[in-house]
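Below is one structure, written out as C-alpha cells, with a few remarks after it.
The values are calculated or read from the model by the stated rules, or taken from the named source; none is laboratory data. Everything quoted here is computed from the prediction, not taken from an experiment. Quick reminder, even Gly has a Cβ in these numbers, built from the backbone with ideal geometry, and neighbours come from all protein chains shown. Keep in mind that these areas ignore ligands, DNA and RNA; they rest on the heavy atoms of the full protein, side chains included. Shrake-Rupley method; radii C 1.70, N 1.55, O 1.52, S 1.80 Å.
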Amino acid sequence: MTTVTAIDAEEGAGLYALAHLDALESEAVHIFREVAGEFERPVILFSGGKDSIVMLHLALKAFAPAAVPFSLLHVDTGHNFPEVIEYRDNTVDRHGLRLHVASVQEFIDDGRLRERPDGTRNPLQTVPLLDTIEKNRFDAVFGGGRRDEEKARAKERVFSLRDEFGGWDPRRQRPELWQLYNGRHSPGEHVRVFPLSNWTELDVWQYIAREKIDLPQIYYAHEREVFRRGGMWLAPGEWGGPKDDETVERRMVRYRTVGDMSCTGAVESDAVTIEQVIDEIAASRLTERGATRADDKLSEAAMEDRKREGYF
C-alpha cells in the first residue's frame, strides 16, 4: 500500500495551482464568456494599441475554434499613428472581423464637435463613441483599461454600469465578490467591461512575450522625428505641432501607450526586443499614462471627469 505524506499532498496540490499569467488569462476568458452569455450586442473597443491587441487575442482564445461573436469598434480621431491604423486594418482582415469606425473628423465636419485650441482630439472621442453605442444598440462594451494605469480606473469594477447618457457614477459601482458579475441594466444603459482590470503593464508585456503576439513597431525603439513639449517627446503632425519655438529632433524613442498623436508622448529608449522592453518596464516607477499622456495632465481629476461624461 502506498502512503501519501503531507509533503507529497502539498506538492501534488501545487500541480493544480495556476501560474500568474495563466490565472489572469483564465479570468479574462471567463469574463468574455460571461458577457457572451449575458448580453445581446457586445462590442470590443479596438484601437490597435497593445491592451486592445491582448484583449482581442484573449477573445479569440475564449471562443476558439468558433469565431469571436462580437464586432470591433474604433473611435478614430484622425490623428492616429499610421503604423497603428495599418496594424488595425490588417488584424481585422486576417481574422475576418467586422469593424465599426466612429470618426471624430466627421463630427467636426458636420458641426457636432469643435476643434480644441490645443489641437488634441482625445477628449473629443466621447461624443462619437456614445453616438455609435446608441445607434448600434451595443449593451456591453469591452475596454482595455487596467487599474494600475490611473487612479480613476483603479476605482472601476470589471462590469462598470453606464447610465442612459453614457456617464459613469462611482457611487453606482456594484460588488464583484467571488468573480460574480452583475450585468443588469435598464433600457438605454449599457455596461463597460474590463477583462484586463487586474493586469499590470508588466503582465501585459510578459503575456505578449509568452504568446508571441505581434505589435505595431512603434512599441519598440526606433529613430523618429520628435519635439519637446510639456516634458514629453511628441511627434509632429497635422494636428498642430510643433510651434515656432519648438525644435524637431531625431531621437531613438518608443511608445509605452498609443493614443492621439497630439497627446501621446514617446520615451527615449534603446529597447528593440521584447525582452529589453520588459526589463525597461520592470525598472520604471511611472505608469505609462503618467509618463506619456498629456490629456491626463489637464487636471488632477482629468480622467475621472472624462469618464463621468462617457469616456473609455
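Quick one: would you say GLY119 is closer than 30 Å to PRO236 by Cβ and touching a Lys or Arg at 6+ places or on another chain (Cβ under 8 Å)? It is false that GLY119 is closer than 30 Å to PRO236 by Cβ and touching a Lys or Arg at 6+ places or on another chain (Cβ under 8 Å). Of all residues in the range 140-162, none are of a type in the set (Gly, Ala, Ser), in contact with a strand residue (DSSP E or B) (Cβ under 7 Å, 6 or more places away or on another chain) and more than 19 Å from MET55 (Cβ to Cβ). Considering the conditions (1) more than 28 Å from ALA235 (Cα to Cα); (2) in contact with a helix residue (DSSP H, G or I) (Cβ under 8 Å, 6 or more places away or on another chain); (3) surrounded by 19 or more Cβ atoms within 10 Å (Cβ to Cβ), THR126 is excluded by exactly one of them, (1). When the range 198-245 is limited to residues that are free of Cβ contacts under 8 Å to residues at least 60 places away in the same chain and small (Gly, Ala, Ser), the one that is nearest to GLN179 (Cα to Cα) turns out to be ALA221. For the range 252-259, the criterion of being assigned to a strand (DSSP E or B), of a type outside the set (A, V, I, L, M), modelled with pLDDT of 85 or more and exposed (fewer than 15 other Cβ atoms within 10 Å of the Cβ) is met by none of the residues. Evaluating ARG88 against the criteria (1) basic (Lys, Arg); (2) surrounded by fewer than 21 Cβ atoms within 10 Å (Cβ to Cβ); (3) modelled with pLDDT of 95 or more leaves one unmet condition, (2).
Residues in the range 280-289 that are surrounded by 11 or more Cβ atoms within 10 Å (Cβ to Cβ) and not basic (Lys, Arg): GLU280, ILE281, ALA282, SER284, THR287, GLU288.
Restricting attention to the range 182-232, the residues being open to solvent by less than 40 Å² (accessible area, probe 1.4 Å), of a type in the set (Lys, Arg) and more than 14 Å from the chain's Cα centre (by Cα) number 1. The set of residues in the range 86-125 being of a type outside the set (Lys, Arg) and farther than 23 Å from SER71 by Cα consists of ILE108, ASP109, ASP110, GLY111, LEU113, GLU115, PRO117, ASP118, GLY119, THR120, PRO123.
Touching a residue at least 12 places away in the same chain (Cβ under 8 Å), farther than 18 Å from ASP51 by Cα, in contact with a Gly (Cβ under 6 Å, 6 or more places away or on another chain) and not β-branched (Val, Ile, Thr), is that true of GLY78? No; evaluated as a whole, the condition is false for this residue.
Every listed requirement among (1) part of a loop (DSSP other than H, G, I, E, B); (2) under 17 Å from ILE281 (Cα atoms); (3) hydroxyl-bearing (Ser, Thr, Tyr) is met by TYR207 save one, (1). VAL248 fulfils the conditions (1) under 18 Å from VAL84 (Cα atoms); (2) open to solvent by 30 Å² or more (accessible area, probe 1.4 Å); (3) β-branched (Val, Ile, Thr) except for a single criterion, (1). Taking the conditions (1) aliphatic (A, V, I, L, M); (2) open to solvent by less than 20 Å² (accessible area, probe 1.4 Å); (3) not in a loop (DSSP other than H, G, I, E, B) in turn, ALA271 satisfies each one other than (3).
Condition check ((1) at positive phi; (2) of a type in the set (Ser, Thr, Tyr); (3) open to solvent by 30 Å² or more (accessible area, probe 1.4 Å)) across all residues:
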residue	(1), (2), (3)
LEU99	no, no, yes
GLU106	no, no, yes
ARG114	no, no, yes
PRO117	no, no, yes
ASP131	no, no, yes
GLU134	no, no, yes
ARG137	yes, no, yes
PHE142	no, no, no
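On the given criteria, is ARG121 open to solvent by 20 Å² or more (accessible area, probe 1.4 Å) and either of a type in the set (Lys, Arg) or over 19 Å from the mean Cα position of the chain (by Cα) (or both)? Steps first, answer last, please.
Working: open to solvent by 20 Å² or more (accessible area, probe 1.4 Å): no; either of a type in the set (Lys, Arg) or over 19 Å from the mean Cα position of the chain (by Cα) (or both): yes.
It is false that ARG121 is open to solvent by 20 Å² or more (accessible area, probe 1.4 Å) and either of a type in the set (Lys, Arg) or over 19 Å from the mean Cα position of the chain (by Cα) (or both).
In the range 49-79, of all residues being hydroxyl-bearing (Ser, Thr, Tyr) and either outside any helix (DSSP H, G or I) or outside the structural domain of VAL158 (by the TED database) (or both), the one that is most open to solvent (accessible area, probe 1.4 Å) corresponds to SER71.
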